[in-house]
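What follows draws every value from the coordinates through simple rules; no lab data is involved. Because the structure is predicted, anything quoted here is derived from the model rather than measured. Counting neighbours? That spans all protein chains shown, and the Cβs are built from the backbone with ideal geometry, glycine included.
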Amino acid sequence: MDINSLHTVAANFIILLGVLVFVVAAGGLFKFRDTYQRISAVGTAAGPGISLIVIGVFLTVPSWQNAVQLLIIIFLQLSTSSIGTMSIARSAYLTGVKMQPGYFDQLAEDQAEVEDTSDIDEDGDIAQELGKNRAQEPPQY
Amino acid sequence: MTALNFGLYIALTILAICMIAIAYRMISASNDADRSVSADLLMFSFIGMLAIIGVLLAGEYFFDLILVASVVGFISSVALARALTRGRR
C-alpha cells in the first residue's frame with residue numbers, strides 16, 4: 001500500500017467520522033425533550049462535523065491553495081456556527097419557549113411570579129400552551 | 001481509485017438518510033423553534049454533502065463553494081432567528 005492510497009483511506013475514515021457527528025446530532029433532535037437541549041445538540045455538532053468532513057476532503061486533494069482555504073473554512077465554521085445557533089436559542093427564549101423539566105429559570109428571576117409548569121404534556125407537546133401563557137403579558141424584546 | 005473511494009459513497013448514503021430524518025423532524029415538530037433548529041442542522045448537513053459530492057466529482061473550485069456555503073449558512077441561521085421573533089430584535 002503506497003502513500004496515496006494511505007491518504008485516501010485516512011480521508012474516508014475522517015469523512016465517515018464527520019458524518020457520524022451529524023448522525024448523532026440528528027438523533028439528538030429526535031431524542032431530546034426540549035428545544036434548548038436540541039439547540040445544544042445542533043450547536044455542538046455543526047462546527048466539528050463540517051470541520052472533520054472538510055479535513056477529510058482536503059486529504060484527498062492536498063495542495064497549498066486548498067490548505068489556505070481549509071484553514072479559512074475551519075476558522076469561519078467554528079466561530080460562526082455557535083453564534084448562529086445561540087441567536088436561534090435567544091429568539092426561542094424571547095418567544096416564550098419553555099424548558100421541559102423547567103425547575104429553575106434564572107433569566108426570569110426579575111419577574112414576580114413563578115410560572116406553573118403542571119399543564120405541560122408528557123411527550124413534549126407544549127406549543128399550544130406557550131402561546132396561551134405568553135398572551136397575557138407581551139414579551140420584553 | 002474507485003475501490004478506495006468506497007467510504008465516500010457510504011458517507012453520502014448515511015448523510016442522505018440523516019437529512020431525510022431531519023426533514024421529517026422539521027415537518028413533524030410541534031414548535032416553531034424546533035423547526036428552526038432542524039432547518040439549521042439541515043443547512044449544515046447540506047454543506048457536508050456538498051463537500052463529499054465535490055470530492056466525488058473532482059471539480060476544481062469546490063473548496064470555494066464550501067467556503068461560500070459556510071458563510072451563507074451562518075447568515076441563514078441568523079435570518080431564521082430573526083424570523084422566529086417575527087422581525088423584532
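Some observations on this one:
- Across segment A:4-11, coupling constants 3J(HN,Hα) worked out from phi with the 6.51/-1.76/1.60 Karplus curve, θ = phi - 60°, read 5, 5, 5, 4, 5, 5, 5, 5 Hz, and Gly and Pro carry x.
- Descending semi-axes in Å of segment A:3-100, equivalent ellipsoid built from Cα gyration tensor: 33, 16, 5
- Peptide A:23-29 shows a mean partner chain C-beta count of 6 within 10 Å per residue C-beta.
- Sorting the Cα pairs of segment B:12-89 by distance into bins of 10 Å, from 0 upward, gives 19, 40, 30, 10, 1 percent per bin.
- In sequence order, calculated HN-Hα J values of segment A:53-67 (Karplus, 6.51, -1.76, 1.60; Hz; x Gly/Pro): 5, 6, 5, x, 5, 5, 5, 7, 10, x, 7, 6, 5, 5, 5
- At R0 = 30 Å, FRET efficiency that the Cβ-Cβ distance of B:Ala58 and A:Phe75 yields, to 0.05: 0.75
- Shielding value for B:65-71 is 5, the average number of Cβ atoms from other chains within 10 Å of each residue's Cβ.
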